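Notes follow the structure.
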Amino acid sequence: MLEHIAFSGLLALPLARKPKWILALCWIAALPDFDIFLGLHRTAFHSLITLLPVCIVLVTAARTWCPDFLEPAIFTSFCLLSHTIFDFLGGYVALLWPLIPFSLQLNIYILLINTGTNLIPQLVIEPFIAPLSEVTAPGTALLLSPLDVTLFLIFIALTITRAWPTLQPSLQRLLRRH
Ligand SMILES: [Zn+2]
């Protein structure tokens, strides 16, 4: 879960006009994994059929009624959709559940082939399709790894550094009150 928070935050950080929104909303990138508690992991909250309407409504509502919240609405949508895309690139996701009840996966990587005389890079794109049980069957899922924690700490450090000029006055006001 932490890797989703870190990835979406790190990707959005250079574009963010107000990085405090990233700190406040980054946890939303972990939200899709809560479909595991419904027994529908990588299905209900990972499907574009579920997520896209939520994102469209969120961004349209912010644009129409609260333009000040457009940036957080776009970041929230990015968190939700990037989660699914990251899972899909290297793992099975029921991307179009319930319309298409199959698990889909896309592997993209570059191989370096050593022919003995030359080194030839080769782009490999491998789409896979499997039954829905590939993602919903009981099993184990990686919850946390040292890489996830490292990425998350880098993300938090960078975001606080960028948001510090806007956070500092609020913190000083808070400290003066106590
Ligand atoms: Zn996931």
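The values are calculated or read from the model by the stated rules, or taken from the named source; none is laboratory data. Keep in mind that what you see is a predicted model, and the values were worked out from it rather than measured. Note that we place each Cβ from the backbone using ideal geometry, even for glycine, and neighbour counts take in every protein chain shown.
Please find, among Arg176, Arg162, the residue that is in contact with a Leu (Cβ under 9 Å, 6 or more places away or on another chain) and basic (Lys, Arg).
Just a single option satisfies the conditions, and that option is Arg162.
Thr43 - would you say it is within 20 Å of the chain's Cα centre (by Cα), closer than 23 Å to Leu10 by Cα and β-branched (Val, Ile, Thr)?
Here the answer is no, as Thr43 does not meet what is asked.
If you scan the range 142-160, which residues turn out to be under 20 Å from Phe88 (Cα atoms) and surrounded by 11 or more Cβ atoms within 10 Å (Cβ to Cβ)?
Within the range 142-160, Leu144, Ser145, Leu147, Asp148, Leu151 qualify.
Looking at the range 146-178 only, could you name the residues that are of a type in the set (Gly, Ala, Ser) and free of Cβ contacts under 8 Å to residues at least 40 places away in the same chain?
Correct list: Ala157, Ser170.
For the structure I just gave you, tell me whether Leu80 is within 16 Å of the ligand (Cβ to nearest atom), touching a helix residue (DSSP H, G or I) at 6+ places or on another chain (Cβ under 7 Å) and not in a loop (DSSP other than H, G, I, E, B).
Taking the combined requirement at face value, the residue satisfies it.
Restricting to the range 2-20, give me the number of residues that are in contact (Cβ under 8 Å) with a residue 24 or more places away in the chain and either closer than 20 Å to Asp33 by Cα or of a type in the set (A, V, I, L, M) (or both).
So the answer is 13.
Checking Pro98 against (1) within 24 Å of Leu51 (Cα to Cα); (2) out of contact with any Ser or Thr (no Cβ under 8 Å at 6 or more places or on another chain); (3) modelled with pLDDT of 85 or more; (4) part of a loop (DSSP other than H, G, I, E, B), only one condition comes out false. Which one?
Every condition holds for Pro98 apart from (2).
Residues to consider are Asn107, Asn114; find the one that is touching a strand residue (DSSP E or B) at 6+ places or on another chain (Cβ under 7 Å) and not acidic (Asp, Glu).
The conditions single out Asn107.
Report yes if Gly90 is touching a strand residue (DSSP E or B) at 6+ places or on another chain (Cβ under 9 Å), surrounded by fewer than 18 Cβ atoms within 10 Å (Cβ to Cβ) and either modelled with pLDDT under 95 or of a type outside the set (S, T, N, Q) (or both), otherwise no.
Criteria met by Gly90.
Of the residues in the range 39-50, how many are in contact (Cβ under 8 Å) with a residue 40 or more places away in the chain and either near the ligand (Cβ under 10 Å from one of its atoms) or under 18 Å from Gly139 (Cβ atoms) (or both)?
7
For the range 1-38, which residues satisfy the criterion of being outside any helix (DSSP H, G or I) and either more than 12 Å from the ligand (Cβ to nearest atom) or among the charged types (D, E, K, R) (or both)?
Listed by number, the residues that qualify are Ala16, Arg17, Lys18, Pro19.
So, in the range 94-136, of the ones that are farther than 17 Å from Pro32 by Cα and of a type in the set (Gly, Ala, Ser), which residue ends up surrounded by the most Cβ atoms within 10 Å (Cβ to Cβ)?
Among those that are farther than 17 Å from Pro32 by Cα and of a type in the set (Gly, Ala, Ser), it is Ala130.
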